[in-house]
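For reference, the structure discussed in these notes is given below.
The values are calculated or read from the model by the stated rules, or taken from the named source; none is laboratory data. All values derive from a computational prediction rather than experimental measurement. Glycine gets a Cβ as well: all are built from the backbone with ideal geometry, and neighbour counts include every protein chain shown.
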Amino acid sequence: MMEGTALDSTRVIFELWAWLLVILLSVLGAVGNLTLYKVGEEGMEAVVSRFPQINPARWNRAGELFETRGSWILLLSSLPGLGLLLSTAAGAFGIRVRAFLLWVMIAKMARNWLLLFLVVNVYRLVVG
């Protein structure tokens, strides 16, 4: 921010630091989800042993989502509670790594932009 000290949420999208921050956080998040994907590739037994909260009913539902909706359902992978299930299921149900990374990266970028705008607006409210 060159002029002034207050952040402007309408200008933040044009700032280089904002893009770099969002891209960096999104890449790190996608790499984190890729580790879950790799666990899913090891099979249901590996998933259940590492993540006992994933019960067979949720697992089957995730499989149905991938069959009916396709890999774009991974756009929901940034939602709390769904990321673990969808990322591991993507590996187990044979979603290609490129498709996985594409959809997860889009989801992470959308979430991180939303969080950045929220932080900027809260900052503006607090600071003035």
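Here are the numbers for the structure shown:
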{"item": "Test set (1) modelled with pLDDT of 95 or more; (2) aromatic (Phe, Trp, Tyr); (3) surrounded by fewer than 17 Cβ atoms within 10 Å (Cβ to Cβ) - PHE51 fails condition number", "result": "(1)"}
{"item": "Flag for ALA6 being surrounded by 14 or more Cβ atoms within 10 Å (Cβ to Cβ) and either out of contact with any Leu (no Cβ under 6 Å at 6 or more places or on another chain) or modelled with pLDDT under 90 (or both)", "result": "no"}
{"item": "Unmet requirement for LYS108, which otherwise passes all of (1) crowded, with 19+ Cβ neighbours inside 10 Å; (2) in a helix (DSSP H, G or I); (3) touching a Phe, Trp or Tyr at 6+ places or on another chain (Cβ under 7 Å)", "result": "(3)"}
{"item": "Of all residues making up region 116-128, the number that are in a helix (DSSP H, G or I) and loosely packed, with under 13 Cβ neighbours inside 10 Å", "result": "5"}
{"item": "Of residues in region 91-128 being β-branched (Val, Ile, Thr) and touching a residue at least 12 places away in the same chain (Cβ under 8 Å), the one farthest from VAL39 (Cα to Cα)", "result": "VAL127"}
{"item": "Candidate set: region 13-48, residues that are more than 17 Å from LEU114 (Cα to Cα) and in a loop (DSSP other than H, G, I, E, B); chosen: the one modelled with the lowest pLDDT", "result": "GLY43"}
{"item": "Subset of region 71-93 [in contact with an Asp or Glu (Cβ under 9 Å, 6 or more places away or on another chain) and not in a helix (DSSP H, G or I)]", "result": "PHE93"}
{"item": "Residues satisfying the stated conditions in region 74-90, i.e. under 10 Å from VAL39 (Cα atoms) and either out of contact with any Leu (no Cβ under 7 Å at 6 or more places or on another chain) or exposed (fewer than 15 other Cβ atoms within 10 Å of the Cβ) (or both)", "result": "ALA89"}
